[in-house]
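The values are calculated or read from the model by the stated rules, or taken from the named source; none is laboratory data. Note that the coordinates shown come from a computational prediction; the quantities given were computed from them, not determined experimentally. So basically every Cβ, Gly included, is an ideal-geometry build from the backbone, and we count neighbours across all protein chains shown. We work out accessible area using only protein heavy atoms, side chains counted, and drop any ligands, DNA or RNA first. Shrake-Rupley method; radii C 1.70, N 1.55, O 1.52, S 1.80 Å.
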Amino acid sequence: MTSVTTRELSEVVAAVADVAAAHAEQVDREAQFPFAAMNALQGGRLLSAGIPAEFGGGDQDIDFLARTTTALARKCGSTGLIFAMHQSQVASLVRHSEGEAVQRVLRRIAAGELLVASATTEASSGGDVRTSSCFVERDGSRFRLLKQAPVISYGRQADIILVTARRDAASAPQEQVLVLCDRDGVTLEQNVDWDVLGLRGTCSHGYLLQAEGATDAVMTTPYDVISARTMLPVSHILWAAAWLGMAEEAIDRARLFVQAAARRHPAATPPGALRLAEATAQLHQMRALVSASIVRFKELVDFPQELSRFATVVEFNSLKVSASELVVEIAAAAMSICGIAGYRCNGKYSVARILRDAYGAALMVNNDRILGNNAQLVLAGKAF
């Protein structure tokens, strides 16, 4: 992909987005994984876009990954979010690829356009991704683990699942490692059904996960380091980019609705015009927020200690909270502007699916938990 021009890349992304759009309603209605869009992503070699060329990937930076996420989410929120989650896991491997096992996995992902998921939450921790009850059990050169995971997005479709666990049975809950679990060594027993309001195509069912494999699949870098320096900032940037795509699509539909009203009555300003201007200002605010976060991450990417600072953690946590709130406000405003046409579940002005997806932004990794973590850091005087 390194020899592909920017224009050609843009054309590939646009073509995949068209495929996602064509199947978005069915994906939502049937809570179905977006297979057609995923096939198009793999065909366009976009799953490996963030992997360095030395491992066979596209060597693209976070700017490209964010733009692609936004373009996909405009057409299908589930597809955009799956792409974002996959790329945040890949980034964690890329930036912490100190071991040969990780490098082999990166080459496999690039060669086969493999899909990577994560299992970071645990039923007993109440959604706190920074603690684990499960642990890695070692037996010579092999490991085993058993995890009760209330949510694993697209777990059934993933080729590799990155699983958090305690380093061993004697480790504290916060003493976590990240384990590369190959699908061939994973057994998933579904015990929670993903029948939800929006983002239905992410298929984020809950599972009892059993995994085994070679011990070199246990990453040597502690998970708290991987989280602070890569997974948290990249995840929040790309999630925000997905929500930006939803917001852009909602505003675009509202704009078309107001323009149609203006053509019907050219002598009068449509009643939704003022509200459209207000919502557009919010959209610009959201774009600036996402753009600034990308710039900030690129400034700090070669300074890992800075990414680990409490103030930086609060900064990227705040991005997630602000963007997830803005997307709901913007989508709700677009629905109000379009009126009953926006409230309908079909038609070119419908905002129903977008609004339902938008409400998931604050709940998939709950904003209250993130704000609670930020509050502790602020009270400790470590957030500035």
Any residue that is of a type in the set (S, T, N, Q) and in contact with a strand residue (DSSP E or B) (Cβ under 8 Å, 6 or more places away or on another chain) - is there at least one of those in segment 228-249? no
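Residues checked against (1) small (G, A, S); (2) assigned to a helix (DSSP H, G or I); (3) within 19 Å of the chain's Cα centre (by Cα):
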{"site": "R229", "(1), (2), (3)": "no, yes, yes"}
{"site": "H236", "(1), (2), (3)": "no, yes, yes"}
{"site": "A241", "(1), (2), (3)": "yes, yes, yes"}
{"site": "L256", "(1), (2), (3)": "no, yes, no"}
{"site": "I294", "(1), (2), (3)": "no, yes, yes"}
{"site": "A311", "(1), (2), (3)": "yes, yes, no"}
{"site": "V327", "(1), (2), (3)": "no, yes, yes"}
In the list Q148, Q89, Q103, Q157, which residue meets the criterion of being part of a loop (DSSP other than H, G, I, E, B) and either within 21 Å of the chain's Cα centre (by Cα) or not aromatic (F, W, Y) (or both)? Q157
Do any helices (runs of 4 or more DSSP H) entirely within segment 331-383 hold 3 or more residues that are at pLDDT 95 or above, and if so, which? 340-343, 352-359
Residue count for segment 190-234, restricted to those that are in contact with a Ser or Thr (Cβ under 6 Å, 6 or more places away or on another chain) and open to solvent by less than 10 Å² (accessible area, probe 1.4 Å): 8
Go over the candidates D61, D28 one by one and state the one that is out of contact with any Cys (no Cβ under 6 Å at 6 or more places or on another chain) and open to solvent by 50 Å² or more (accessible area, probe 1.4 Å). D61
Hey, can you tell me all the residues within segment 310-321 that are open to solvent by 30 Å² or more (accessible area, probe 1.4 Å) and in contact (Cβ under 8 Å) with a residue 60 or more places away in the chain? F310
Those residues of segment 322-340 which are under 21 Å from Q259 (Cα atoms), among the aliphatic types (A, V, I, L, M) and open to solvent by 20 Å² or more (accessible area, probe 1.4 Å), in sequence order: A332, M335, I340
From R45, R67, residue being part of a helix (DSSP H, G or I), among the basic types (K, R) and open to solvent by 30 Å² or more (accessible area, probe 1.4 Å): R67
